[in-house]
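Worksheet: one structure, shown below.
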Amino acid sequence: MKENAPGGPEIWLRGPVTTSDQSAPAPLAAEAPSTPPRLAWVAAHGGAGASTLATVFGGIDAGRTWPRPDQGRSHSVLLVARTHAAGLQAASWTLDLFRRGEQPPGLELVAVVLVADAPGRLPRQLLQRIKVIGSAIEVHRVPWVHAWRTGDLTAPPPRETARLASLVTPPGQETHTMSDR
């Protein structure tokens, strides 16, 4: 057995996967602190809720397409999916692209945002799938918001989304949650 060969099957690691392969493409030039990466909401599947989240929290609504880096600036991506089986599968497939390094250049996957597909608790098998996704990357869960379903996107986001809001909102411009009313 080679000394530097992996000691077991390939596993997913939380955070970016690094490689010692010298033939890998060179990273983009580092950005100045004054020009942070732009945040884009990317839907893993149709109806994921990326447009709603972009409207409520801010950022770029990329829909189901990858944002294109402009003027050398990279994009930080929040991958959005629903919590039903098809949504979690779509999120897993997209995560696998990043794990293999096959995503378009200039994109950094920050987290997966899972939007409730219905009010109430999730079945155990879906919670287990979310746990697997969470072992690979940070996961933010957005609970069911009845006002959003009826088109009222002015309703404050639920307090459970405060950590997610802090990823999107620059310091000093905090979003008010439903618990602040």
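The values are calculated or read from the model by the stated rules, or taken from the named source; none is laboratory data. Model, not experiment: these values are computed from the prediction. Glycine gets a Cβ as well: all are built from the backbone with ideal geometry, and neighbour counts include every protein chain shown.
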Notebook entry, point to check: Do we have any residue at all in segment 92-100 that's more than 23 Å from Ala165 (Cβ to Cβ), out of contact with any Gly (no Cβ under 6 Å at 6 or more places or on another chain) and part of a loop (DSSP other than H, G, I, E, B)?
Noted result: yes
Next item on the list: Could you list, in sequence order, all residues of segment 103-146 that are of a type in the set (A, V, I, L, M) and in contact with a Lys or Arg (Cβ under 7 Å, 6 or more places away or on another chain)?
Entry: Leu114, Val115, Ala136, Ile137
Notebook entry, point to check: For Phe98, all conditions in the list (1) at pLDDT below 95; (2) farther than 14 Å from Ile137 by Cα; (3) surrounded by 14 or more Cβ atoms within 10 Å (Cβ to Cβ); (4) of a type outside the set (S, T, N, Q) hold save one; what is the number of the exception?
Noted result: (2)
Checklist line | Options Ala136, Ala118: the member that is aliphatic (A, V, I, L, M), outside any helix (DSSP H, G or I) and within 13 Å of the chain's Cα centre (by Cα) | finding: Ala136
Check: Would segment 43-59 turn up any residue that is free of Cβ contacts under 8 Å to residues at least 24 places away in the same chain and under 18 Å from Trp144 (Cβ atoms)?
Finding: yes
Margin query: Here are the criteria: (1) touching a Leu at 6+ places or on another chain (Cβ under 6 Å); (2) modelled with pLDDT of 95 or more; (3) polar (S, T, N, Q). Tell me which single one Gln128 does not satisfy.
Written below: (1)
Check: Being among the hydroxyl-bearing types (Ser, Thr, Tyr), modelled with pLDDT of 95 or more and buried (at least 19 other Cβ atoms within 10 Å of the Cβ), is that true of even one residue in segment 67-90?
Finding: yes
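I want to confirm something. Restricting to segment 111-151 and keeping residues that are charged (D, E, K, R) and in contact (Cβ under 8 Å) with a residue 12 or more places away in the chain, which single residue is farthest from Ala40 (Cα to Cα)?
Out of the qualifying residues, it is Arg129.
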